[in-house]
Amino acid sequence: MQNEIISESYLSRIIALSDTEAGKIPQIKRFAFVNVATGKEDPMFNFEMDIDKEISRLVYANAINNLMVRFIRKDIFENTTEMLVMERLYPITYQSISKDERISVFEIFDSQITELHINGFIHGDIEHPMRAVPEILFNNIILTDKGLRLVDTGFSLIRKEEINQDKYISLLRREILEILNFKEYFLSL
């Protein structure tokens, strides 16, 4: 079970380190969305994959509430690659709880994400950009036995950092719309 792959994408690999810890290993250094009409990168979605930035965002969000997966430590995987070590979450399917329970769970989630927003934190990846693939649409929102949790701060932003106010407001508006889309999806199951 140790070092077993939990999930893998072109961006990162998540492995089980133990029953309580999971490690995230970046697969690439840079990521950008490209406008297919112009062939140019979208400056709103152009990111350097920086494990230290991701850690700082997790630590920031963890200090506000427990909506984001908990950061544990930075480590080296197999003596070669930097790895972010987090608490290991055990997902359950959205349909495993009743609609009334989903309403209650969503209200807590909404309250927690609003608290993050008030404190200048945007998750940045609530709704997967490949909207045509329903299985991955909200893959960064995990239902656990303790409620909804967010994973992956690779695209997260903190208002007080290098971001300008217009970009922050634009991304906050987008995230609020994505949360409303998630609510509709989550409660319609």
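The values are calculated or read from the model by the stated rules, or taken from the named source; none is laboratory data. Predicted model only: the values in this text are computed from it and were never measured. For neighbour counting, all protein chains shown are included, and Cβ atoms are generated from backbone atoms with ideal geometry for every residue, glycine included. Side chains are part of the model used for accessible areas, which takes the heavy atoms of the whole protein and leaves out ligands, DNA and RNA. Shrake-Rupley method; radii C 1.70, N 1.55, O 1.52, S 1.80 Å.
Condition check ((1) under 28 Å from Ile163 (Cα atoms); (2) modelled with pLDDT of 95 or more; (3) open to solvent by less than 30 Å² (accessible area, probe 1.4 Å); (4) not in a loop (DSSP other than H, G, I, E, B)) across all residues:
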| site | (1), (2), (3), (4) |
| --- | --- |
| Asn66 | yes, yes, no, no |
| Arg73 | yes, yes, no, yes |
| Asn79 | no, no, no, no |
| Leu84 | yes, yes, yes, yes |
| Ile92 | no, yes, no, no |
| Arg102 | no, yes, yes, yes |
| Leu116 | yes, yes, yes, yes |
| Asp125 | yes, no, yes, no |
| Pro129 | yes, no, no, no |
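Mind counting the residues in region 133-177 that are under 17 Å from Tyr94 (Cα atoms), open to solvent by less than 40 Å² (accessible area, probe 1.4 Å) and of a type in the set (Asp, Glu)?
0
Consider region 54-64. How many of its residues are surrounded by fewer than 17 Cβ atoms within 10 Å (Cβ to Cβ) and among the aliphatic types (A, V, I, L, M)?
The number of residues fulfilling the criteria is 3.
Quickly run through region 1-29 and pick out the residues that are open to solvent by less than 70 Å² (accessible area, probe 1.4 Å) and aliphatic (A, V, I, L, M).
Scanning region 1-29 gives Leu11, Ile14, Ile15, Ala16, Leu17, Ala22, Ile25, Ile28.
Are there any pairs with C-beta distances below 9 angstrom linking a residue in region 4-20 that is over 15 Å from Met83 (Cα atoms) and at pLDDT 95 or above to a residue that is surrounded by 12 or more Cβ atoms within 10 Å (Cβ to Cβ) and among the hydrophobic types (A, V, I, L, M, F, W, C), with the two at least 6 apart or on different chains, and if so which?
Thr20/Ile72
Mind listing whichever residues of region 131-146 are at pLDDT below 80 and assigned to a loop (DSSP other than H, G, I, E, B)?
Arg131, Ala132, Val133
Checking Asn46 against (1) in a strand (DSSP E or B); (2) modelled with pLDDT under 95; (3) surrounded by 14 or more Cβ atoms within 10 Å (Cβ to Cβ), which test does it fail?
Condition not satisfied by Asn46: (3).
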